[in-house]
C-alpha cells in the first residue's frame, strides 16, 4: 500500500463496496470493480477506506477521493494522494469500503441489499421461512436467498423480491413479511 496514505481503523459501519482492479491512464486514476450494479455509495462518499487483500480485519488506509465516475463496466476514480500511474498500480487488489452512514438515502420502497441481509422472513400465516443470507440480481428482478433449518436439515429458499410477493419490509424490526408458502 502507499506509504503516504493514513493508516486508520475501519469505521464500525464500514461496508465493502468494491475492489481496485488496476491503474487507469497515466495520471494516477484507478479502476474500481463495484460489488453492486448500482454503485451510488462509491459516488456519494468522498473518503474511501482501502484494505489490502488479506489485510487485518479492522485496519485500513483512508483515501480521500477527488472524483469518481462510471466508465464502461467499472468505476474510475482519482485522489490527490495518488499522483501517478505507479502509485495507482500499488493499489491493485485493495478492497474498498465506505461508511454506511455516507450511503445516499434510499427512496420509498427502496432498500440496500446490505440492510436486508440477516432479516427474518415470515409469511402471512406467521410461518418463519428463513433468514436472508443474500440476494441475487437476475435480470428484471432481485431474488431473496433464504437459509433455514427444517427437521435438522439446512434448507435454502428463493423468493422474488417484488411487490407481488413482499408485503412489508420492517428494517427496525429486522423482518420481512411475504405472501409465500414453505412448499413453494
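Structure data summary
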item	result
Condition check for residue 43: within 28 Å of residue 137 (Cβ to Cβ) and touching a strand residue (DSSP E or B) at 6+ places or on another chain (Cβ under 6 Å)	yes
Whichever residue in region 1-40 is touching a helix residue (DSSP H, G or I) at 6+ places or on another chain (Cβ under 6 Å) and surrounded by fewer than 15 Cβ atoms within 10 Å (Cβ to Cβ) and, among such residues, is modelled with the lowest pLDDT	13
Sole exception among (1) within 24 Å of the chain's Cα centre (by Cα); (2) on the phi > 0 side of the Ramachandran plot for residue 152, by number	(1)
Criterion (in contact with a strand residue (DSSP E or B) (Cβ under 9 Å, 6 or more places away or on another chain) and assigned to a helix (DSSP H, G or I)) met by exactly one of 169, 149, 162, 114	114
Those residues of region 113-143 which are without any contact (Cβ under 8 Å) to a residue 12 or more places away in the chain and either within 13 Å of the chain's Cα centre (by Cα) or closer than 19 Å to residue 156 by Cα (or both), in sequence order	126, 138
Single condition residue 132 does not satisfy, out of (1) in a strand (DSSP E or B); (2) in the same structural domain as residue 19 (by TED's automatic domain parsing)	(2)
Qualifying residue in region 41-50 (condition: surrounded by fewer than 13 Cβ atoms within 10 Å (Cβ to Cβ) and assigned by TED's automatic domain parsing to the domain that holds residue 17)	no
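The values are calculated or read from the model by the stated rules, or taken from the named source; none is laboratory data. In this text, all values refer to a predicted model and were calculated from it rather than measured experimentally. Using ideal geometry, Cβ is built from the backbone for each residue, glycine included, and neighbour counts are taken over all protein chains shown.
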